[in-house]
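The values are calculated or read from the model by the stated rules, or taken from the named source; none is laboratory data. Keep in mind that what you see is a predicted model, and the values were worked out from it rather than measured. Cβ coordinates were reconstructed from backbone atoms using ideal geometry, including for glycine residues, and neighbour counts include every protein chain displayed. With ligands, DNA and RNA removed, areas are computed over all heavy atoms of the protein, side chains included. Shrake-Rupley method; radii C 1.70, N 1.55, O 1.52, S 1.80 Å.
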Amino acid sequence: MSQAFGTTAATDTDSLTRQRILAATAEVLARSGKTKLSLSEVAAQAGVSRPTLYRWFASKEELLATFSRYERQKFESGLADATAGLRGVERLDAALRFIVDYQYSYSGVRMVDVEPELVIAQMSGVIPEMRAGLQRLLPGPNAAVKAATAIRVAISHYIVRSDDADEFLAQLRHAVGIKGTD
């Protein structure tokens, strides 16, 4: 029994270490970008040794690939939590509010400030995924157009950040054809 507990505790510690490294990666990326990302800086930010970091991620490329999956999972999990138990317009509005909150609260999301060329180049792969995800929440024959418009508004606010989250949310709501609920 205690042996199983010890294994679980070690697994939990390993998982927490991995999470710290990935969270630190977001902070370092926000400061330095992908091109200048330093594994030593990530290790220092995470409070782990370089050998510990290399135990989890053998290279910068492996860390960045894992980080990309981690970020997607974090976003999708946050979106699922924000919309849990809701239906129809309430669910859609909760998703839009989550998008706004995510863009305004998460420092790693501002990589466009550090490496705009790289971020803009990656948008062509991100836009279809985001559009498809939002389209699943939209009813009716114009769902694809509404989703595409809302995602373009979100991308616009990501690239040229405004200081008005309420206006951003109002624009997203207008794009998908719902009235504000706040």
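Segment 39-64 and segment 133-182 have Cα centres lying 37 Å from one another.
First measure r as the distance between the Cβ atoms of I159 and K179, then evaluate 1/(1 + (r/R0)^6) with R0 = 25 Å and state the FRET efficiency to the nearest 0.05. Computed FRET efficiency for I159 and K179: 0.40.
What a 1.4 Å probe finds exposed on segment 85-181 is 54% carbon and sulfur by accessible area, rounded to a whole percent. Under 19 Å of direct C-alpha separation, and excluding same-chain neighbours fewer than eight residues apart, K179 reaches these lysines: K146. Averaging the sequence gap over all C-alpha pairs within less than 8 Å and six or more residues apart, then dividing by the number of residues, gives segment 85-181 a relative contact order of 35 percent. Partner lysines whose Cα lies under 18 Å from the Cα of K60, excluding those fewer than 8 positions away in the same chain, are identified as K34, K36. The 3J(HN,Hα) values that the Karplus relation (6.51, -1.76, 1.60; θ = phi - 60°) gives for segment 83-98 are, in residue order, 9, 4, x, 9, 9, x, 4, 4, 5, 4, 5, 4, 5, 5, 4, 4 Hz. Gly and Pro appear as x.
Dipole magnitude for segment 85-181: about 520 debye, using +1 per Lys or Arg Cβ and -1 per Asp or Glu Cβ, origin at the Cα centre.
Estimated from helices alone, the mean residue ellipticity of the chain at 222 nm is -25500 deg cm²/dmol (sum of -39500 (n - 2.57) over DSSP H runs with n ≥ 4, per residue). Here the Karplus curve 6.51 cos²θ - 1.76 cosθ + 1.60, taken at θ = phi - 60°, turns the phi angles of segment 160-169 into couplings of 10, 5, 9, 9, 10, 5, 5, 5, 4, 4 Hz, with x standing for Gly and Pro. Each label was represented as a point 7 Å from its Cα along the Cα-to-Cβ direction; for V145 and R55 these points are 5.7 nm apart. Contact order, relative form, for the chain: 19 percent (alpha carbon pairs under 8 Å, 6 or more residues apart, mean separation divided by residue count).
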